[in-house]
Every structure is written in structure tokens, then in C-alpha cells.
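Some notes on the structure that comes next.
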RNA sequence: GCGGGAAUGCCGGAGCGGUCAAACGGGCAUGACUCAAGAUCAUGUGGCUUAGUGCCUACGGAGGUUCGAAUCCUCUUUCCCGCACCA
């Protein structure tokens, strides 16, 4: 029989809500603590197990910190703009707003049923014009600062999303939301945000963050800083001579340049192609474009001669310019200087097309052949050759010398390149924040004026081909803010990552209608002390949010550098078959169903007791039953227990456990904390006798994990108020008595020994015993005698204890001779 | 290819220099209770051996450091996850 969790959980959820138990204010003497989970996209399917896991981890932390005396901000909101709602609306001929509002309602209901201790008064959703108004406001501020710009560029386009994508949203050449859809490269005019302006700082500060190492590494790789030199190459093209700034990290190999390669996707490629080579070049481009992205990776280096030549900046030699499929158009200038002797890619290309190879570095290891028959480029440092005045130098030294030489001749400059690109934020979709810009034929592109914010997303639009916003003329046509003439609004909306880049700030003051937030409130709450979410946001949300923080700081709205002090990535919850839970596999376990079946306390406890919360685990229906049994036992015991007094041993154990459990929870080792709670419970329920103070401490220890049951016990114990607001028990180190543990271990050993002998004799000789005689060294007699009852209970034998030197002892087989310190002699009959 | 992480008993999962044949849970086995099943409780659960002992084999594999290693180092295998021609 289960305890009545339905009644208990509903009761306390109602009380928490009615008494506004978890609402917080800034005017508190307590120290603040900000716990945050990455706000969810409110999917129409409701919360899934991963959400439940995420929120359980966060709620336990919030409750723990609250009881430890912190003023805890623990809010919830919804990342409610985005494509799925729009697509669903189109499919069902409805409206995204209807879908989204429904989904949020459902989410809130399910989250409340989990007993999460959010301050619901601060709830926000990004499709609220009171929220996205500030998106627009930030956009305008960034525009003012020159951090927002519009340009024509090669951009990623997903056919299924029917919009452009940010660089971060392209994975392996495919759309992050459509694994089967190749991203197309288009040359379009789009809105960008200058994230690169902060690339250096974002990179440098990574090391200071208390984040998982792998996330930090991912960010570093994503930003991808590399130091090098930009060298001017004169290129004669059909349009005349032009200069190309070519980036290299290996200026030491400059004398080894035998050709140049421009990206096959470069917009200016055709300008370089001469009339004679045009046909070949066009054939080549056609071929390249017909190859799928995934095959390009496996493809050989391929290229075609453009017909033009560059001049070597030092020797003045003619260097052929090729177009190649292995050069990125949007890194550096899209053209590289090729040094086949010392770069593997260039080497392969040169071999294929019979281009010259000039070695300019002799490897230090004399066994390495210079080039012939080596079959690959030599990339390690060595001694310079074929490099005029630099010959004989160590190549690492020559790198500097050659750079100086080029810089002095004013044909090169030291630069830093980043892999990180400016953030493409415009989207050709409806369900997002309208970009507050206006196009006037006379005045050009202008920002909407701040007082006109929010530029509201009109509800009346026609979904179909193209951007739905273009179908609402009232929205589309505006007066130019400058000349008051006819103008048109921007119909692109913002990438939803814009919304999630600053929502954690709004939580500090989510109802503010006058400004984005009260700076004092933000100063009080921020930064987030504990940010909990999945690892999938390593290079998207987590970079954008850090960027926003730095931008707002430089605009003097914030006075800190980093938004998230600590980051915790929870593991993934897989189905019991080990696969990801998915509708198509039919292995989904719905958290709300589990709550109905076993209660929220059971689900929460189960989710965090499986293993370390940062590790993946498989759903296990037997496991949840086991946890449920434990809760039943705890419930039964605490129902009938009548507080009396605690033994020294109980006090020692309780305080020791309190100390350890506190540390374990602090360090997010919830699984270990739960094991210790269970051991403590086993002890207490066996011992039976416990003081009111101690049983209360125990209930407090379990309360972050199973808050409903804990409240119920708290009330049963005659307390008014909420355990959720009680003070976390502090371990009294003076009461921890290690000798009690030792004594216990000694008795355990004796009991084990006796049981072992009984078992062996029973097997071998089929003899049964009723009595046990224990012979201890005189010093230990007291200790063992004290525990006779326990030994009798656990062995089922009548026990007598003698000192080994006792002359009157009963010892027919002289087993007392076996008595040693810690190992008494035993005789059974 | 580069980078990050992991490999422990029948299973999940702790431990991260000695107190380790390894916490805790699950499973399984035996016993108690029951007409019976379930639930519950007790005990056991690497091998051999023994009146409670001792020995051997074990923490992916191979070496090494150490008086001593699941724990530290090197190499290696397998798996997971990121990035992927970044010049």
C-alpha cells in the first residue's frame, strides 16, 4: 500500500502557493543566491524526463540554499518564440500564439506538480510584448553602438526552416533542426551582430569560469583564436590589379609559396578568372555545387586554374592563382598562400595538379627525408633553406624575422583571426521579435524610435510562401521617422537566441514597465550563482549570453563581466533500452505519468539517486519502485514514531551524517547524499528511539529531495509554518564520536564470525546451536558485554561473554586461547 | 584528423594511494511469515579452503612509480561526446 502521496502533494503545493512561500524580495539581510535552469521552449508535448531531471537538480539546490539562510532567487520562464509553434500553426491552420499559450499553461501545471519552488510571481515568456520590447530596445542600443549592421554576405540557408541560420546553427553542413537538410549557401543581405568585437574577451575570460572543462574547451575551440600575419599579394585580375590580404600563421614559409588558392565559393572568384579559363572554371563550380556537403569532407582536394597570377611579395615571382574546394570563403580573405612543402593540404593539391614544391625548412630530425618519397608535407619546425638571408636560421626564429621584414616593408601586418563569426540574427519567419528597423527610399535604413517600442508582432498574417509579416500592410507600411514619408518596416524577426541571451537579467525585475530592469535589483541578484542545463548550448546560448553581458556592461547597465558563475550540465535521461526517448521508438516515459503513479517526491528522489547528476542514465522502472518503497517506509516510520530521547550513538551518527550530507549536497553529489540518508534512516528506524530535535533534523535533511513528505512530517511533529523555510541543520562536531563507529565495527565482526561458523558447521555436520560463548581479552570485555543484546538478536543465540583470563569460565574446547585483540575466541553449543 | 570524457561484480553505480572482494541500490538464492502468491523481514551473492582462518584471482589490456595502486605515470584497446580541410 502506498501512502497517500496525491493528497499530501496537492495539499502542500496549494499551501506553498497560497502563502507565497517562495516569493523573494531584494530587501533582505540574507546573502543572495541565484539558482537558474535554462528556460525551456514550451513544447506542445509538455515536459519530458530531461526537464524533470533538470528541474529536480535545480530545485534541490534552491531549497538547500534557502534553508542554509540564503535569499534565493529561483525563477522560471519560457523561451516561447520559435519555429515549432509556427510550423504547428501552419499545419493545423491555427495561430502560433494559441499553441504557445496552451503549451505554457500545460508546462506550468506540470512543473507545479513536481513541487518546484519557483518564485512564480516573476514568470516571463519571450513572446510577451512586455518582454520582447526590451529585445528591440537592446537591438537599438546595439545599433547605436555600431554593434548591429546589415550586409550582404554568404549565409546559411535552410530550405525546411525557410530562413537563414546563424553559423552556430549549422552542424556538419546541416540545419541544427533538420538533420536531413543540407544547408545552402546564399549571398544575401542580412542583419548581423558584431560578436567578434568581444571575441578576445569572451575567450580570455573562459578560464575564469567555474564551468565543466569540456564546455570551456568547446567555447575556446569555437572562438578559435589564431595569431598570424596578413600579407598583401598583388593579383592581376580581369578587372585590373588588386591587392589580396592573405592570412597565414606560417610566414616562415613565405619563400615556399608556389601558388595561391582562392575559395571556390568566394563571391569575387569570377573576377579572377580569365576569359580563357572561364569554361573550365564554370564546369568546376558546377561540379562542386552538385556534391553534397557530407561528401565534400571526404572528397579530394580539387581545383581549377583561374588564369591569373599573383606576385610574390618578396621575390616578385609570378604565382598562379587557383580556385579550390578546400579553402573557406569566409575565413581570412578567402584566399590562401599555398606552401606545398610544409602544409599537407597544399601538398596534396600540388601533387594532384603538378604544381611546384619548394622546401624551405629542413627538419631537425635528420632521418626525415627532405621531401622526395616522403609523401607528405613537413609541418614541424626546422632549419631554413631556399630563403635567402634567412637560410640557416631556426624556423621559429625566422617566423619572427620574416614577419618583421614584411612589416617594415609595409606589405604585411600582424593580426589575429577568429573562427567565431559575427552573429547573423535576422530570420525570415513570423514567430519572433520584429526587428525594429525601417526602410525609407529617401532616408535609407533607420531605427524605429525608442518611444514607439514595442514594435508589436501583428496577429493577423497569412502563412504561406515567404515571410508572413509582409502580408500585413498595417504592420508593413509606416511613416519614415525622419522625413515622415512612406516607408516600410523590416519584416525579418530576430533569432530566438536573442531572447535567451538576457532573460536571466529580466528575472531580477520581470514586471518593470519603465525600463529593461532596475539596475539596483540586477546588481543585487546577478550573477547567477548556479546555472543548470544541458550541454547542447555550449556554443550557442552560452556564448551569446556572455556576449550580451559584456555589451550591457560596456553600456553601463551592468557592473559585472560574466553572467553565470557556475555552470552545471546534467546528464541525459535515456529510455530503459539505452536509446534516447522518442515517440518513434515508443520508449518515452512521461514524467507526469510517473507523478500520477508514484508521486513527485518519488520521481524527484529517483532521478537524482541513480548516479552522479552530470552523468547519463537509463530509465529503470524497477528502480523507481525501489525508491517508492523507501518513501513508504519512511512515511510509515515517521507516522508512528513518538519522539523521546536520543542515545549518544544516535547523536553521533546523526551529526556525522549531517556533516557529510551537507557537503555532498553542496557539491551536487546528490546520489551520495541519498545513500547516506538511507543508511541514516535504516539506523534510526531500527534504533526506534530518537529525540524530537534529532528527528526534526532528519526530516530537514530529506526535505530538499522530497519536499511534500517533509512538510507533512514537519506538521505531524507539531510544527507550525513550513519546513521549506526552516534552518538547515548544522552538524555538531563535538557529538561525533568515532569510537562508537569502531565499537560498532567490532561487534559487526563478532556477529559475522559467529554466523559464519554456524553456517559452516551446519553445512558440514548438520549441527544446530543455541548458545555462544565469547572469550575476549580482558580490556575488551566491557565493550562486548555491553552489546550482548544486539549480538543475541543478530545471531539468534544465547550469548555469554568471558574474559580470556577468567578462571571460572565455561570453555570445554579451550577456545579462549584464540582470543586476540579485536578477535575474541568463540565456542558454540 | 584534433579536442574532451569514460571503461569497476550478474546489472546500475560509489571509491580516486593503505582500513577494498569493493558503499548503496537492483537482480538472484536461501530462510521466516502465508493455504499460496505478492508484500515484508533476515541472511547470502569472485574462487578455493577453514569452527570464525588462510590463500588465490579481480577494478578494459600491457608496462612503470611506490613498502603498498581500482586509485599516480606511460603506452594501448574499446566506447561516448564535441569540432571538423580555420591556412
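Quick look at the numbers
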quantity	calculated
Range of Cα positions in region A:300-362 per principal axis (Å), largest first	28, 22, 22
Packing rank of A:682-693, A:37-48, where each peptide gets the mean count of other beta carbons within 10 Å, highest leading	A:37-48, A:682-693
Crossing angle, helix A:707-716 versus chain A [Cα axis fit, 0-90 degrees, rounded to tens]	30 degrees
Calculated [θ] (222 nm, deg cm²/dmol) that DSSP helices of n ≥ 4 give over chain A, each run adding -39,500 (n - 2.57)	-11500 deg cm²/dmol
Quotient of Cα Rg and 2.2 N^0.38 Å for chain A, N being how many residues it contains	1.27
DSSP beta bridge pairing in chain A, given as percent antiparallel to the nearest 5	75 percent
Three-way shape call for region A:720-811 based on the alpha-carbon gyration tensor, with the a/c threshold at 1.5	prolate
Sorted by Cβ density within 10 Å, fewest first, the residues A:406, A:285	A:285, A:406
Tensor-based shape of region A:110-219 (alpha-carbon gyration tensor, a/c under 1.5 rounded, otherwise prolate or oblate)	rounded
Exposure proxy order (Cβ contacts within 10 Å, fewest to most) of A:175, A:483, A:440	A:483, A:440, A:175
Rounded tilt (10° steps) of A:96-113 against the dominant C-alpha axis of chain A	20 degrees
Listed peptides A:109-116, A:410-417 by packing density, highest first (mean Cβ within 10 Å)	A:109-116, A:410-417
√(5λ) per eigenvalue of the Cα gyration tensor, region A:428-505, largest first, Å	21, 17, 10
Mean-position separation - Cα centroids, region A:98-154 and region A:701-733, in angstrom	35 Å
Peptides ranked, highest mean first, by Cβ atoms within 10 Å: ranges A:323-329, A:457-463	A:323-329, A:457-463
Rounded to 10°, Cα long-axis angle of helix A:49-67 versus longest principal axis of chain A	60 degrees
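No lab work stands behind these numbers, since they all come straight from the coordinates. This one's a predicted model, so the numbers in the text were calculated from it and none came from an experiment. Please note: Cβ atoms are built from the backbone with ideal geometry, for glycine as well, and neighbour counts cover all protein chains shown.
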